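First the structure, in the form of structure tokens, and then the observations on it.
We did not get these values from a lab; they are worked out from the coordinates using the rules stated. This structure is a prediction, so every number in the text was calculated from the model and none was measured. Heads up, the Cβs are rebuilt from the backbone with ideal geometry, glycines too, and the neighbour counts pull from every protein chain shown.
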Amino acid sequence: MNPMLFRSGFMMSLFTTILFFGCTSTPEKTRVTVGDYQPPEWVNKVSGAFKDGSGEKVFYGVGTASDIRSASLRRSAADDRALANLATQIEATVKRMAKDFQEVTGRSTATGKDSTERENVAQAFKVLVNQTLSGSKIIDHWEHPAKNEFYSLARIELKTIEKKIDSHNELSDESRDTIKKKAQKLHEEMAKEGL
């Protein structure tokens, strides 16, 4: 066999092999989403005010934690974030309630309302925010099977908040009723807004 022919045949087969393997590409990684694993419905919803299955008015907070090696720390971080999310919502709700209440009592001050009552209400709102976490519960968890990500769901019922309002004996019955009505109204507004 002719050495020149052998070399050119070898070079041709080498070139064909390089061309063949050089043109093949590795398959592109597909993006994994939460929805690919059919999580509970609450994982894909935002936190906010809702009515649960029994018609109870509730506030939910969702927390997530990822990239934490320890499963127990990941769960604990997600729980803390869900409770913090819930507390933030309640605080925002209470601030709106306080603003509305101050506007109402500010107008009625001219008619002789006691300013001590307004101070008591302001103090009650602060205590209410601080006590919110004691009435909140973590009610569900979900872990993403393909990622290092954990989800927690926190909940507090509106009636629990109303009980906390009722426990403030320094408030008049009228003030407690007004605050509870404001809480009901704000829950309805937040539910409409999807918050």
For residue 73 and residue 174, extending 7 Å from Cα along the Cα-Cβ vector and measuring point to point gives, in nm, a value of 5.6 nm
Can you spot the lysines whose alpha carbon is less than 26 Å from residue 45's alpha carbon? Ignore those fewer than 8 places along the same chain.
-> 57, 95, 137, 147, 159, 182, 185, 192
Name the residues whose placed amide hydrogens come within less than 5 Å of the amide hydrogen of residue 140, ignoring near sequence neighbours (fewer than 5 apart) on the same chain.
-> 153
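Once R0 is set to 25 Å, what does the formula 1/(1 + (r/R0)^6) return for the Cβ-Cβ distance between residue 166 and residue 45, expressed as a FRET efficiency to the nearest 0.05? Don't skip to the answer; put the middle values down first.
Numbers: r = 30 Å, r/R0 = 1.20.
The pair residue 166/residue 45 has a calculated efficiency of 0.25.
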Run the quick spin-label model on residue 191 and residue 13: label points 7 Å from Cα toward the beta carbon, then report their separation in nm to one decimal.
-> 7.8 nm
Looking at the square roots a ≥ b ≥ c of the eigenvalues of the Cα gyration tensor of segment 135-195, which shape do they give, rounded for a/c under 1.5, prolate if a/b is larger than b/c, or oblate?
-> oblate
Please turn the phi angles of segment 75-84 into ³J(HN,Hα) values with the Karplus equation 6.51 cos²θ - 1.76 cosθ + 1.60 (θ = phi - 60°), one per residue in order, whole Hz, x for glycine and proline.
-> 5, 4, 5, 5, 4, 4, 5, 5, 5, 5
